[in-house]
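Trainee: Sending over a structure as structure tokens; questions will come in a sec.
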Amino acid sequence: MALPAGAGRLEAARDRLLHALAGYRQRKGHAITLVFDGWQGGLGAEQREFHAGIEVVYSKRGERADQVIQRLARLYGTDCAVVSSDHEVINAARAAGAFVIGAPEFRAKLYERPLRSPAPAFKELDRGEADVVKRSKEKGGNPRKLPKSRRKRNQQLREF
């Protein structure tokens, strides 16, 4: 049987992603589920496989990977993190209470080199201009301190 044009490149890209995620899983110890689209050429039922400790889910024919991710986010709620740049998936995951990280931001974490020594606890104070928050004079509190929501997100990101 002949493979469609580009199928070999797609398989190679999937293998590279699985390899990178396997390394990330070893560094961080997180359970990882990777969802691929099977809606056009998939089987009649959802398929699940394990590769290098990563659960790989292929959506069933007629179901998009985004739908599977949204369903899993509702199922696991606050006990999961969703990596996506799709606004519909992000909104559904946040509504379910999941931690959401964009694909470009996760790519940076995926390929970062692990630190040899732990980062100092005061690392949050060493931030660039993009993190500086301008506050009105009417608000109280430390003007050099990030808002609580931003500090919480930074903490979640460090753990992720």
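Just so you know, all these numbers are worked out from the coordinates, no wet-lab data involved. Since the structure is predicted, the reported quantities are computational estimates derived from the model, not experimental observations. So basically every Cβ, Gly included, is an ideal-geometry build from the backbone, and we count neighbours across all protein chains shown.
Trainee: What does the net charge come to around A73 if you take all other residues with beta carbon closer than 11 Å to its beta carbon, with K and R at +1 and D and E at -1?
Mentor: +1
Trainee: Starting with the highest mean, order 21-30, 87-96 by the number of other Cβ atoms within 10 Å, averaged over the residues of each peptide. Display every interim value, and only then the final one.
Mentor: Details: 21-30: 13.9, 87-96: 16.2.
Going by the mean number of other Cβ atoms within 10 Å, highest first, we get 87-96, 21-30.
Trainee: Using the Cα atoms as the points, what is the convex hull volume per residue of segment 20-114 in Å³? Each step should come with its number before you reach the end.
Mentor: On the way: hull volume 9.3 nm³, N = 95.
That works out to 98 Å³ per residue.
Trainee: With a Cα-only, solvent-free Debye model of segment 69-112, what are the log10 I(q)/I(0) values at q = 0.14, 0.16, 0.25 Å⁻¹?
Mentor: So the normalised log intensities are -0.28, -0.36, -0.76.
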